[in-house]
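Remarks on the structure that follows.
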Amino acid sequence: MIRPISTALATSLFALAALPALAQDANLCGGVGLNGQWLGGDEASSDIATSPAHIEQMALVLMRNEFVGLFSVSQDGEYRIEAEGRGGGDTVLDVRNASGEIVASDDDSGGDAASRAESFLPVGTYCVSMRSFDGSPITGFVRAGRMDQEPLTAGFAAPSDEGGFGECDLSAAQSLTLGQPVANAWAAQNVYSFQLDAPAAVTITAENEAADPILTLFDASGNWLAENDDFDGLNSRIDMADMLPAGQYCVAVDLYGDESLPITVTAKAYDAMEVQLNLYARGDASPPLDGSYPVEALGELQTRLRKDVNVGGDATWYSFDIYAGGLVLVEAIAQGQGDPVLLMYDDLGRQVGYNDDNDGSLDSLLTVRVQPGTYLVAVRQLDGQTQGLIRMVFERYVPARP
């Protein structure tokens, strides 16, 4: 028997902010931008390529949700997108293009737990999402602007004449061969270089979560090209999907952890399929339902269903069908060690739910209003090094009849 929704069960997830105009396009940024708010107050004032000053909104995010701000770019160029929490709040920032692809992501590059992404953005409309790292309520600011405009965050220490983070000294660099990892203690080697004999798209990674590495890419003239921190857990990754010109490039590695720990650095050819599969593994995008990626089909969700899964840092995916509108609850309960994260998407790839650490625990709970259709749920461990049994519970409720 299908249970009716009780008023006590109507838990809402929401973000409060100053109230500029809302987006109207349900498909904007893969659905993430539907309830997004224009950072400049309205669409016409949110073009950061032509705005006389940066644009900014203050947001109060409650109950492990996220604030979504919208902006546009009318000229290709380098832009700075930032998020900073009040009172030392630890922000996480994601920037998506109009189709929903994450084009920049950051946790701590703004310094003092603030987030900062500096990226080349082509003409288009973008969504910037701000949430807190640990899911706690947070009040913060989201700012978007050109590189010549005032930053919100302090960033890392400015480069000095003596060198340091923010620079790349090719004379001290260890040469990388594309596709061949190199491991060194940061204290022994933290600058690398690679050579492109022809234009190519490349990926650079720095791996060792205990060291918490940070990557920055420069060209041979010292021009900043890209930066990343905490792409996959505490590991870093830069994907240069657009072709880089032939020439020499410099990679600077910094870290938050122990300087004696080895960090594995790799430069390799960019692989669009690998990038897409990584999105599915992290739960940052939903996989297709054509059998090309493992998704366990649960069929029609009737009343209550329980599943046990041994899960690590890569997401395990489920799909289920709904034939009448109502409410769906999904719980992920650690059976011993574990800190599960839940994400839910509709069949068009729009994220409709996210949760970590429900009600003061490390378990997760999603409460999502649904319409007829197919939905996908991903569960993974917050710590990619953890593997543990998670008990999944799926429950469906329908509106009570008057």
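Would you list the strands (runs of 3 or more DSSP E) that sit entirely within region 93-133 and hold 2 or more residues that are surrounded by fewer than 23 Cβ atoms within 10 Å (Cβ to Cβ) and more than 9 Å from the chain's Cα centre (by Cα)?
The qualifying strands (runs of 3 or more DSSP E) are 115-121, 124-132.
Quick check on Ala400: is it touching a Pro at 6+ places or on another chain (Cβ under 9 Å) and at pLDDT below 90?
Numbers: touching a Pro at 6+ places or on another chain (Cβ under 9 Å): yes; at pLDDT below 90: yes.
It is true that Ala400 is touching a Pro at 6+ places or on another chain (Cβ under 9 Å) and at pLDDT below 90.
Working only within region 81-114, note down all residues that are within 19 Å of Ala241 (Cα to Cα), of a type outside the set (Ser, Thr, Tyr) and either without any contact (Cβ under 8 Å) to a residue 24 or more places away in the chain or touching a Gly at 6+ places or on another chain (Cβ under 7 Å) (or both). Write out each step before concluding.
Residues of region 81-114 within 19 Å of Ala241 (Cα to Cα): 94-106.
From the residues that got through so far, the ones that are of a type outside the set (Ser, Thr, Tyr) too are 94-98, 100-104, 106.
Those that are within 19 Å of Ala241 (Cα to Cα), of a type outside the set (Ser, Thr, Tyr) and either without any contact (Cβ under 8 Å) to a residue 24 or more places away in the chain or touching a Gly at 6+ places or on another chain (Cβ under 7 Å) (or both): Arg96, Asn97, Ala98, Gly100, Val103, Ala104.
Might you let me know whether region 330-342 holds any residue that is under 23 Å from the mean Cα position of the chain (by Cα) and farther than 26 Å from Glu209 by Cβ?
There is at least one residue in region 330-342 that is under 23 Å from the mean Cα position of the chain (by Cα) and farther than 26 Å from Glu209 by Cβ.
Could you tell me which residue of region 59-69 is surrounded by the most Cβ atoms within 10 Å (Cβ to Cβ), considering only residues that are of a type outside the set (Val, Ile, Thr) and under 16 Å from the mean Cα position of the chain (by Cα)?
Per the stated criteria, the residue is Gly69.
Might you check whether a residue that is more than 27 Å from Leu93 (Cα to Cα), of a type in the set (Val, Ile, Thr) and at pLDDT 95 or above occurs anywhere in region 181-189? Even if it seems obvious, please write down each step before you answer.
Here is the first cut: in region 181-189, the ones more than 27 Å from Leu93 (Cα to Cα) are 181-185, 187-189.
With of a type in the set (Val, Ile, Thr) added as a condition, the list becomes 182.
In the following step, the residues that additionally are at pLDDT 95 or above were identified as 182.
Yes - at least one qualifying residue is present in region 181-189.
State all residues of region 286-296 that are hydrophobic (A, V, I, L, M, F, W, C) and crowded, with 20+ Cβ neighbours inside 10 Å; if no residue qualifies, say none.
As a first pass, look at region 286-296 and keep what is hydrophobic (A, V, I, L, M, F, W, C): 289, 295.
The one that is hydrophobic (A, V, I, L, M, F, W, C) and crowded, with 20+ Cβ neighbours inside 10 Å: Val295.
Taking region 204-213 on its own, how many of its residues are touching a strand residue (DSSP E or B) at 6+ places or on another chain (Cβ under 8 Å) and either surrounded by fewer than 23 Cβ atoms within 10 Å (Cβ to Cβ) or among the charged types (D, E, K, R) (or both)? Spell out the reasoning first.
First, pick out the residues of region 204-213 that are touching a strand residue (DSSP E or B) at 6+ places or on another chain (Cβ under 8 Å): 204-209, 211-213.
Adding the requirement that they be either surrounded by fewer than 23 Cβ atoms within 10 Å (Cβ to Cβ) or among the charged types (D, E, K, R) (or both) leaves 205, 207-209, 212.
Final tally of qualifying residues: 5.
Of the residues Gly326, Gly299, Gly312, which single one is in the same structural domain as Asp383 (by TED's automatic domain parsing), within 24 Å of Thr386 (Cα to Cα) and either small (Gly, Ala, Ser) or surrounded by fewer than 21 Cβ atoms within 10 Å (Cβ to Cβ) (or both)?
Going through Gly326, Gly299, Gly312 in turn, just one is in the same structural domain as Asp383 (by TED's automatic domain parsing), within 24 Å of Thr386 (Cα to Cα) and either small (Gly, Ala, Ser) or surrounded by fewer than 21 Cβ atoms within 10 Å (Cβ to Cβ) (or both): Gly312.
Going through region 284-310 one residue at a time, which ones are part of a loop (DSSP other than H, G, I, E, B) and within 22 Å of Gln371 (Cβ to Cβ)?
Here is the first cut: in region 284-310, the ones part of a loop (DSSP other than H, G, I, E, B) are 284-295, 301-303.
Passing the criteria: Ala285, Ser286, Pro287, Pro288, Leu289, Val295, Leu301, Gln302, Thr303.
Quick one: is Asn358 in contact (Cβ under 8 Å) with a residue 40 or more places away in the chain, among the polar types (S, T, N, Q) and surrounded by 21 or more Cβ atoms within 10 Å (Cβ to Cβ)? Reasoning before the result, please.
Values: in contact (Cβ under 8 Å) with a residue 40 or more places away in the chain: yes; among the polar types (S, T, N, Q): yes; surrounded by 21 or more Cβ atoms within 10 Å (Cβ to Cβ): yes.
So Asn358 fits the description; yes.
Among the residues of region 57-68, are any assigned to a loop (DSSP other than H, G, I, E, B) and more than 27 Å from Asp363 (Cα to Cα)? Show your work before the answer.
Narrowing region 57-68 to residues assigned to a loop (DSSP other than H, G, I, E, B): 62-66.
Checking the rest, the ones that are also more than 27 Å from Asp363 (Cα to Cα) come to none.
No, that holds for no residue.
Given the condition free of Cβ contacts under 8 Å to residues at least 40 places away in the same chain and over 16 Å from the mean Cα position of the chain (by Cα), answer yes or no: does some residue in region 240-247 qualify?
Checking region 240-247: at least one residue is free of Cβ contacts under 8 Å to residues at least 40 places away in the same chain and over 16 Å from the mean Cα position of the chain (by Cα).
Could you check region 221-245 and list, in sequence order, the residues that are surrounded by fewer than 15 Cβ atoms within 10 Å (Cβ to Cβ) and either assigned to a strand (DSSP E or B) or modelled with pLDDT of 90 or more (or both)?
If the condition is that a residue be surrounded by fewer than 15 Cβ atoms within 10 Å (Cβ to Cβ) and either assigned to a strand (DSSP E or B) or modelled with pLDDT of 90 or more (or both), then Ala241, Asp242, Met243, Pro245 are the ones that fit.
The values are calculated or read from the model by the stated rules, or taken from the named source; none is laboratory data. Being a predicted model, the structure only gives us computed values, none of them experimental. Counting neighbours? That spans all protein chains shown, and the Cβs are built from the backbone with ideal geometry, glycine included.
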